[in-house]
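A quick write-up on the structure given underneath.
We did not get these values from a lab; they are worked out from the coordinates using the rules stated. Computed from a predicted model, the values in this text were never measured in an experiment. Positions of Cβ are generated from backbone atoms using ideal geometry, with glycine treated the same way; all protein chains shown enter the neighbour counts.
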Amino acid sequence: MERSYYVIDAFTNERYAGNPAAVVFDAKGLDEVRMQAIAAEFNLSETTFILPPETSQAAASHSATVRFRWFTPTVEVAMCGHATIAGVYALVESGRLRHENPAESTTIAIDTLSGTLAAFVESIPGSDSDLMIWLDMPKPILVEQKYTLDELSAVLNVPADAFELSLPIVKTQDNDLLVFVKDFITLNDARPDFAKLLELQTRDRLRALSLATVKTVTPSVHVQSRFFAPAAGVNEDPVTGSVHGPLAAYLVMHGLAPVQEGMAGLTCVQGKPGGRAGLIHALVWQESDGTCSVRTGGRAVTTMRGTLVE
C-alpha cells in the first residue's frame, strides 16, 4: 500500500526554519512497530500518523474528526505541539480539512493519548492562504522540584550562579523540567553534557528539560528557551509546542506577563544556537480556581510531499 506524506516546518512561515515534522496520511493498518520504524526513517523530532478517530474506546471523543499518534525516532509520545500544528496544516493543504471562510475559524477535534484536543484554523488578515493554527493545550500542571545548582550546572554546563533563583524549578504534566537562567547569553552559551542529562532524565523519569529566560533580546518576546530531550531520542528540539502551554502559564502565575481582563497574550521564541528557531504565540486565561488554560498557535509551511511504499 502506498501512503502519502508531507514534511512541514511548524512555528514559522519560512521554509527550512521552525521545527520540521513528517505527517503520514491513512495510517490505519500500521502497527506500532511499523510506525516507529517509519519515524526512525524520517529521523525528525516527531512524525504524526493520521488515523480514524478511536471511537471504540470509551475515553475517546465520538465527535473527534481524526486521531493523531506521534513518534520520535525512538519512542511514542503522548503530546507534541509542533507535530499537531503540522498535522492540521497538512489536512488543510491536502483538502482533507476544508477551511472555506477566511473570516471564520475552522475547528477540528483530534483524539490523542493526551485526550481530545481542539485545534482552530484561522486565516491571517490580508492573506487568505496564510494560516494560523491554534491548539487548546491540556491544562498545565506545575509541581515544584528540588535540584541542586551544582547538579544542574554539571549537566547543562551553565555556571551555578547563572540560574534564576527567584523562579523555582517545576515539572510539567508531560514530565518536562522548566529551569530558568538569568539572561539570554547564558541560555545561548549552554552546552549540555547529554550523557549526564540522559542519566538524570532516566533516573527521574523525565521527558525533557526546558531551559528558559525572561531576559530576552527584545521586549516584544516574553520568553526565550531551548529544549533538551535525550530521553526521548532528541538531544535538542528546535521548537517544542507542547512545553509552551506550561511555560506560558508559569509566566502568568509568576507575574511575568501582562494580564488584562483575565487573559494574557505572549510571544515566545525557541531555537538552537546557530540553527533553527521558531515563534510560538500563547493565550493564557486565568481561572477562578487559580489554574490557567492555554491556547498556543503558530504558522506552518510545507517543504516536501511524497509517498511511502509499503
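Below are the figures for this structure:
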item: Protection proxy ranking of 224-231, 70-77, 284-291 - average other beta-carbon atoms within 10 Å, highest first; result: 224-231, 70-77, 284-291
item: Rg over Rh [alpha-carbon atoms, Kirkwood Rh] for the range 151-190; result: 0.97
item: Dipole magnitude of the range 143-290, debye to nearest 20 (Cβ charges: Lys/Arg +1, Asp/Glu -1, about Cα centre); result: 340
item: For the range 245-305 versus the range 154-217, the gap between their alpha-carbon centres in whole angstrom; result: 18
item: Förster-model FRET efficiency, 30 Å R0, E2 and T107, C-beta, rounded to 0.05; result: 0.50
item: Helix-only CD estimate at 222 nm, as mean residue ellipticity for the chain, using -39500 (n - 2.57) per DSSP H run (n ≥ 4); result: -5500 deg cm²/dmol
item: Kirkwood Rh and Cα Rg combined as Rg over Rh, evaluated for the chain; result: 0.96
item: Cα long-axis angle, helix 194-203 against the chain (0 to 90 degrees, to the nearest 10); result: 80
item: Extended-chain gain in nm, criterion 0.36 nm per residue less alpha-carbon gap, A160 and E54; result: 33.4 nm
item: Two-decimal Rg/Rh across the range 36-174, once Rg and the Kirkwood Rh are taken from alpha-carbon atoms; result: 1.08
item: Share antiparallel - DSSP beta bridges, the range 143-290, percent rounded to 5; result: 75
item: Cα extents of the range 93-237 along the three principal axes, largest first (Å); result: 55, 36, 24
item: Low-density loop cleavage sites - trypsin sites (Lys or Arg not before Pro) in the range 154-225, where at most 13 other Cβ are within 10 Å (DSSP); result: R205
item: Sum of side-chain charges, T291 neighbourhood, beta-carbon under 15 Å (Lys, Arg +1; Asp, Glu -1); result: -1
item: Along principal axes, Cα extents of the range 92-145, largest first, whole Å; result: 45, 23, 16
item: Cα-centre dipole for the chain with unit charges at Cβ (Lys and Arg positive, Asp and Glu negative), debye to 20; result: 220
item: In Å, descending, principal axis extents of the Cα set of the range 190-310; result: 51, 39, 31
item: Qualifying trypsin sites (Lys or Arg not before Pro) in the range 1-96, DSSP loop, other Cβ atoms within 10 Å at most 16; result: R15, K28, R96
item: Inter-probe distance in nm under a simple model that places probes 7 Å from Cα toward Cβ, at T291 and R98; result: 3.7
